[in-house]
1. If the Cβ limit is 9 Å and pairs must be 6+ apart or interchain, which residue in the stretch 52-65 that is outside any loop (DSSP other than H, G, I, E, B) pairs with which residue that is modelled with pLDDT under 90 and among the charged types (D, E, K, R)?
2. So which residues in the stretch 275-296 are assigned to a strand (DSSP E or B) and either surrounded by fewer than 15 Cβ atoms within 10 Å (Cβ to Cβ) or at pLDDT 90 or above (or both)?
3. Can you find even one residue in the stretch 146-160 that is under 15 Å from the mean Cα position of the chain (by Cα), at pLDDT 90 or above and part of a strand (DSSP E or B)?
4. Let me confirm something: among 264, 254, which residue is modelled with pLDDT of 90 or more, surrounded by fewer than 21 Cβ atoms within 10 Å (Cβ to Cβ) and at negative phi?
5. So which residues in the stretch 150-179 are closer than 17 Å to residue 65 by Cα and surrounded by fewer than 19 Cβ atoms within 10 Å (Cβ to Cβ)?
6. Enumerate the pairs (first residue in the stretch 116-135 and in a strand (DSSP E or B); second residue anywhere and modelled with pLDDT of 90 or more and basic (Lys, Arg)) with beta-carbon separation below 8 Å, excluding pairs fewer than 6 apart on the same chain, so at least 6 apart or on different chains.
7. Is there any pair with a first residue in the stretch 285-300 that is within 12 Å of residue 242 (Cα to Cα) and among the small types (Gly, Ala, Ser) and a second that is modelled with pLDDT under 55 and surrounded by 15 or more Cβ atoms within 10 Å (Cβ to Cβ) whose Cβ atoms are under 6 Å apart and which are 6 or more apart or on different chains, and what are they?
8. Take the stretch 150-179 and flag every residue that is hydroxyl-bearing (Ser, Thr, Tyr) and either farther than 14 Å from residue 236 by Cβ or touching a Leu at 6+ places or on another chain (Cβ under 9 Å) (or both).
Amino acid sequence: MTDGRFPRTAALVLLASTGLAHAEEPAAVPPEAATDAPTVRRRTSTLAEIYRGPFRSSRLFAMPTADVVGAYVMTVSGEGSLLQQPGALTSAGVLAIGFGDIAQLEYRHTSAISVEGVTAPVPAVGVQLAIPLPRRPGIPAFGVAFRLGVPRDEQIDAFELEEKVTDLYLVARWRGGAAGWLTLHGGTRVSSASLTVTDAMGLAIGTVEKRLVLPTGGLELQMNDEAKLVAEAGLAPRFMWMPGADPAIGYGLLARLGLRWSVLPSVIFDGSIGYQQEVGTVEPPAGRGGIVQWDIRLGAEVFVPWGALACRATGAFCD
């Protein structure tokens with residue numbers, strides 16, 4: 001009795017008699033399941049509960065991911081730089097509305113390199129789909145994004161240039177089980193690009209169309225609960241023209257490294273450094289202005305859980 005076994009045995013008997021010895025611990029929620037949990041839509045929900053999320057972005061910087069923003073959620077994002085064109089703000093943005101948990105409709109600016117050698121935000125409307133597969137650590141997720149290009153006008157001297165890019169993205173995402181802090185993204189961008197040059201009288205003096213198959217990839221490193229390091233690199237269409245020459249389309253490398261900080265669950269700030277390099281060239285070589293090889297951009301993304309807000313206000317769209 002002096003070895004301490006009797007008190008331990010008595011304690012086990014007491015726990016068994018009260019049923020505590022066989023009480024089950026709460027099941028752990030897989031990280032991905034917690035991330036994908038929908039925002040609550042109840043009439044009694046408080047604003048704090050509604051804006052608690054969780055919310056997820058459907059992009060890195062320019063590259064789409066295998067995620068969508070989610071049902072009954074709208075997101076508005078934008079970014080800008082003062083370094084690409086001194087004295088002018090070059091900007092790009094995205095407006096996306098989720099339909100179910102597998103699709104979103106969006107109006108956005110897709111990436112391309114303009115005739116003047118800067119990263120040009122070419123407008124596009126599109127749809128992004130997340131392939132409905134089981135979401136578990138170690139199992140890749142897949143997505144498809146189609147962006148129908150809207151013409152972008154650029155003025156050089158007395159000439160009017162019309163640039164247009166239509167994209168089809170096939171993307172995949174992998175998040176490690178043990179290395180849950182690391183997320184890898186990869187895919188292929190199939191671009192149909194066109195460039196039309198007209199003179200001051202409105203007469204077309206040159207048109208070129210080209211289809212490009214461009215690889216793209218990126219990663220996310222979760223630094224803490226609020227911040228992650230985001231990097232992406234990919235090839236993009238490069239428009240080229242100079243007076244006296246025919247328009248041409250090549251491709252260039254666009255890379256970006258930055259920090260994504262969740263100030264609030266529904267508000268994300270981005271700060272990034274970009275690098276640009278011409279890779280595939282055809283005559284004429286560089287056009288006006290050359291290549292801007294780096295820039296600094298600041299941006300933000302705001303999530304609006306409109307379904308939950310409508311439920312709280314009117315009783316519509318509730319769970």
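The values are calculated or read from the model by the stated rules, or taken from the named source; none is laboratory data. Because the structure is predicted, anything quoted here is derived from the model rather than measured. We place every Cβ from the backbone using ideal geometry, glycine too, and count neighbours over all the protein chains shown.
1. Short answer, once both residue conditions are applied: 59/108.
2. Restricting attention to the stretch 275-296, the residues satisfying the condition of being assigned to a strand (DSSP E or B) are 275-280, 294-296.
275, 277, 279, 280, 294, 296, listed by residue number.
3. The initial filter retains those residues of the stretch 146-160 that are under 15 Å from the mean Cα position of the chain (by Cα), namely 146-147.
Okay, now just the ones that are also at pLDDT 90 or above, so 146-147.
With the extra rule that they be part of a strand (DSSP E or B), the set shrinks to 146-147.
Yes; the residues of the stretch 146-160 include at least one that is under 15 Å from the mean Cα position of the chain (by Cα), at pLDDT 90 or above and part of a strand (DSSP E or B).
4. Numbers: 254 fails: surrounded by fewer than 21 Cβ atoms within 10 Å (Cβ to Cβ).
264 is the lone residue from the list that is modelled with pLDDT of 90 or more, surrounded by fewer than 21 Cβ atoms within 10 Å (Cβ to Cβ) and at negative phi.
5. So in the stretch 150-179, the residues closer than 17 Å to residue 65 by Cα come out as 167-176.
Once the filter is applied, which keeps residues that are closer than 17 Å to residue 65 by Cα and surrounded by fewer than 19 Cβ atoms within 10 Å (Cβ to Cβ), the stretch 150-179 yields 168, 170, 172, 174, 176.
6. Within 8 Å, the pairs are 122/164; 124/147; 125/147; 126/147.
7. Pairs that qualify, where the first residue is within 12 Å of residue 242 (Cα to Cα) and among the small types (Gly, Ala, Ser) and the partner is modelled with pLDDT under 55 and surrounded by 15 or more Cβ atoms within 10 Å (Cβ to Cβ): there are none.
8. Taking the stretch 150-179 as the starting set, the residues that turn out to be hydroxyl-bearing (Ser, Thr, Tyr) are 166, 169.
If the condition is that a residue be hydroxyl-bearing (Ser, Thr, Tyr) and either farther than 14 Å from residue 236 by Cβ or touching a Leu at 6+ places or on another chain (Cβ under 9 Å) (or both), then 166 is the only one that fits.
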